[in-house]
1. What's the total number of residues in region 45-66 that are loosely packed, with under 15 Cβ neighbours inside 10 Å and at pLDDT 85 or above?
2. Among (1) surrounded by fewer than 13 Cβ atoms within 10 Å (Cβ to Cβ); (2) more than 18 Å from Val49 (Cα to Cα), there is one condition Gln127 misses while meeting the rest; what is its number?
3. Test Ser104 against the criterion of being touching a helix residue (DSSP H, G or I) at 6+ places or on another chain (Cβ under 8 Å) and among the small types (Gly, Ala, Ser), and give yes or no.
4. If you go through region 1-33, how many residues are more than 21 Å from Thr57 (Cβ to Cβ), of a type in the set (Gly, Ala, Ser) and surrounded by 10 or more Cβ atoms within 10 Å (Cβ to Cβ)?
5. With respect to Asp76, is the statement that it is modelled with pLDDT of 85 or more, farther than 21 Å from Asn129 by Cβ and open to solvent by 60 Å² or more (accessible area, probe 1.4 Å) true?
Amino acid sequence: MAPWSQKDLHEFLDKAYTFHKTIKYTSEISNDNRVFLDTKSHIEGSQLVKDLYSKQTDSHQYLPQTSCHPRHCCKDIPYSLALRIRRICSQEAHYERRTHELSSHLCRCGYKSKNVDKAITKASSIQRNELLKYKSNTIHNTFYSNVPP
């Protein structure tokens, strides 16, 4: 048996909501799904199913294509976001739905649909299990490698 009841949880949340007038947050209570950061997971049969999660209040504002940032920043955003979705979504149907949503959000921010589609296709070509493998990060910094100990 859990040490806390649903009633205790609701009482705690009610107090937390009124703790400070400038702090606002939302919560979702579910016996089926677990939400952590930008992932939602549940058990389906004997499998752990993971999906992308975003709050209803998420405005999906991304760096506009017309931003004064270096060109490669805007160019790489669709691909980076598609890779993120590829890593998170454990089922292909979820991945397809989330990349379709991503495409809509980015096009609203001024990204060209052909560039977004190209980035999503590129991310789709990589197997998810390859993206989940650990890769060591080696820093190549000539300044520090030439400094004596």
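The values are calculated or read from the model by the stated rules, or taken from the named source; none is laboratory data. Fair warning: this is a prediction, and the values are worked out from it, not measured in the lab. A quick note on method: Cβ atoms are made from the backbone with ideal geometry, for glycine too, and the neighbour counts reach across all protein chains shown. Surface areas here come from the heavy atoms of the whole protein model, side chains and all, with no ligands, DNA or RNA. Shrake-Rupley method; radii C 1.70, N 1.55, O 1.52, S 1.80 Å.
1. So the answer is 5.
2. The number of the failed condition is (2).
3. no
4. 1
5. Spelling it out, Asp76 is indeed modelled with pLDDT of 85 or more, farther than 21 Å from Asn129 by Cβ and open to solvent by 60 Å² or more (accessible area, probe 1.4 Å).
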